[in-house]
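Notes for the one structure printed next.
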Amino acid sequence: LENIVSLYLGWGRNFIILLDSDKEGREQKKRYEKIFGPSTNNRIFTYKDVDTSWQNMGTEFLLSKEDQLGIQKISYPKQIKYSKKLFNRSIQEMYLSKTTYKFSEYTDKRIETVFRFLKNKLKEIK
């Protein structure tokens, strides 16, 4: 994301970044803040910033286990166990083929929480 952040800062564009709250996500947040300094204040977040109980969480964990497997089965119907690699491929394939999926209420609420957080943060930096 380094190049994208540089471009957006140079162009004076509003942006925010949401990273996983796992070890790698926390390290990347610190690295970006060190590289770009105060210009990224209140622009880089992890899932823990969205909800304090979401510590050590990656994007796929926003979804219920049923939704994770359901999405994976769209592209890999014979797979009965969740695989992060196949799940991510399924997301890509669904995007390319414009395939939709109906999430559970549990997943809908979590995604709504993330979008509400992001929308509020974008309003704050305008």
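The values are calculated or read from the model by the stated rules, or taken from the named source; none is laboratory data. Remember, it's a predicted structure, so these values are computed and weren't measured experimentally. As a convention, Cβ positions derive from the backbone with ideal geometry for all residues, glycine included, and neighbour counts pool all protein chains shown. Note: accessible area is taken over every heavy atom of the protein model, side chains too, but ligands, DNA and RNA are not part of it. Shrake-Rupley method; radii C 1.70, N 1.55, O 1.52, S 1.80 Å.
Of all the criteria given as (1) under 28 Å from Phe15 (Cα atoms); (2) modelled with pLDDT of 95 or more; (3) among the polar types (S, T, N, Q), the one not satisfied by Gln72 is (1). Whenever a residue of segment 47-66 is over 23 Å from Lys102 (Cα atoms), its partners that are open to solvent by less than 90 Å² (accessible area, probe 1.4 Å) and acidic (Asp, Glu), lying with C-beta atoms within less than 8 angstrom and at least six residues away or across chains, give the pairs Asn56/Asp22. Report, by residue number, each residue of segment 97-126 that is exposed (fewer than 13 other Cβ atoms within 10 Å of the Cβ) and touching a residue at least 60 places away in the same chain (Cβ under 8 Å). Once the filter is applied, which keeps residues that are exposed (fewer than 13 other Cβ atoms within 10 Å of the Cβ) and touching a residue at least 60 places away in the same chain (Cβ under 8 Å), segment 97-126 yields Glu124, Ile125, Lys126. Note on segment 92-114: among residues that are among the aliphatic types (A, V, I, L, M) and over 16 Å from the mean Cα position of the chain (by Cα), the one that is farthest from Thr46 (Cα to Cα) is Leu96. If we scan segment 67-85, do we find a residue that is within 29 Å of Leu7 (Cβ to Cβ) and surrounded by 11 or more Cβ atoms within 10 Å (Cβ to Cβ)? No. Per the listing Lys84, Lys119, Lys123, Lys98, the residue uniquely at pLDDT below 95 and within 29 Å of Arg13 (Cα to Cα) is Lys123. Inclusion of Gln55 among residues that are assigned to a helix (DSSP H, G or I) and under 19 Å from the mean Cα position of the chain (by Cα) is not warranted.
Taking the stated definitions as given, is Glu60 out of contact with any Lys or Arg (no Cβ under 6 Å at 6 or more places or on another chain), part of a helix (DSSP H, G or I) and exposed (fewer than 14 other Cβ atoms within 10 Å of the Cβ)? So Glu60 fails the test. Surrounded by 16 or more Cβ atoms within 10 Å (Cβ to Cβ) and outside any helix (DSSP H, G or I): is that true of Phe45 in this structure? When the stated conditions are applied, Phe45 passes them.
Residues in segment 9-32 that are within 20 Å of Ile125 (Cα to Cα), in a helix (DSSP H, G or I) and open to solvent by 70 Å² or more (accessible area, probe 1.4 Å): 2 in all.
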